[in-house]
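See below for the structure under consideration.
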Amino acid sequence: MKELNLYEMKKVEIIVRGENLESVLDILESAGVSGYTIIHNLSGKGRHGFHEGHLMFNEEDVLDMVISVMPEEQLEVVLEGLRVFFNKHSGVVFVSDVKVSRLEKFKK
Amino acid sequence: MKELNLYEMKKVEIIVRGENLESVLDILESAGVSGYTIIHNLSGKGRHGFHEGHLMFNEEDVLDMVISVMPEEQLEVVLEGLRVFFNKHSGVVFVSDVKVSRLEKFKK
Amino acid sequence: MKELNLYEMKKVEIIVRGENLESVLDILESAGVSGYTIIHNLSGKGRHGFHEGHLMFNEEDVLDMVISVMPEEQLEVVLEGLRVFFNKHSGVVFVSDVKVSRLEKFKK
């Protein structure tokens, strides 16, 4: 869809307890990620994906979702940083393909 | 992207009126879904996708979005449960491909 | 996945400052988009995607995300409308593939 000025990127969605939000943002910034959006005050429950043996979130937990879009080469750096963090903390990471439109004029 | 420990799953996003949230969670749990995340207090309007003839949501409706990630073989069970429910209630279901990272160590 | 009654559509996610929400909804409606969902009160920071040289959002900005699903032929009209708008305003647009289930019976 090059005619629509759409470029392929990776969308990373990270769900963590609110108390861990700042740590996740630090990991993103250390990896050189320049922007993100946060959805606050989610709730969640149970096990996601591969965490069959482990209850990640309780219904009382207040969660945040961080959404960030990056080129594929940056994804590996981000996931490596998250891997270290998630050795000690609960969370979920989803990666999907997304196209980003170069809509905006560049301003200085 | 096996080298990043990413596994292909299906992401299901369900948008319903808040009064129907518990029913949707029951359907997910009956289908053996082990985890989900909820974004609360969305608003919405109008028709989505194929519901051309039918106004699904009004601007006053308070909506919730349930996000769940599951293996493809579980998707069919979930959609069948939702199909029965959506015969009587309004809602939208989006399915997309997502990769999930086995980031966390397994704990007991 | 035709056996699951899933049809391929395009999912458009638009993140803008709350003050610009109505303008974006007007653009969608002008393009004939019949439905959308809004996640309110996001926060965000920095640069997304291709906006390397330009700080789009500050941490104090209150953002909204508009989610809409449409057939591919409608996407071009929507992006063209957004392009004009984003010449003057900050925002992010993500496009991804999604499948929508024809779950609901058609009512009149």
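None of the figures in this text is laboratory data; all of them are computed from the coordinates on show. Quick caveat, the model's predicted, so the values are computed rather than measured. Because the Cβ atoms are built from the backbone with ideal geometry, glycine has one as well, and the counts that use them run over all protein chains shown.
What the table below lists for this structure:
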quantity	calculated
Other-copy label distances relative to A:Asn87, 7 angstrom Cα-Cβ extension, nm	5.2, 5.3
For residues of C:13-23, the mean tally of beta carbons on other chains within 10 Å	1
Shortest-first nm distances, B:Gly32 label point to equivalent points in other copies (7 Å, Cα→Cβ)	4.3, 4.3
Cα extents of the range C:7-106 along the three principal axes, largest first (Å)	44, 25, 23
Dipole moment magnitude, nearest 20 debye, the range A:7-106 about Cα centre, only Lys, Arg, Asp, Glu C-beta charged	200
Options B:Phe57, B:Pro71, B:Leu82, ranked by Cα towards positive dipole end of the range B:7-106, top entry (Cβ charges)	B:Pro71
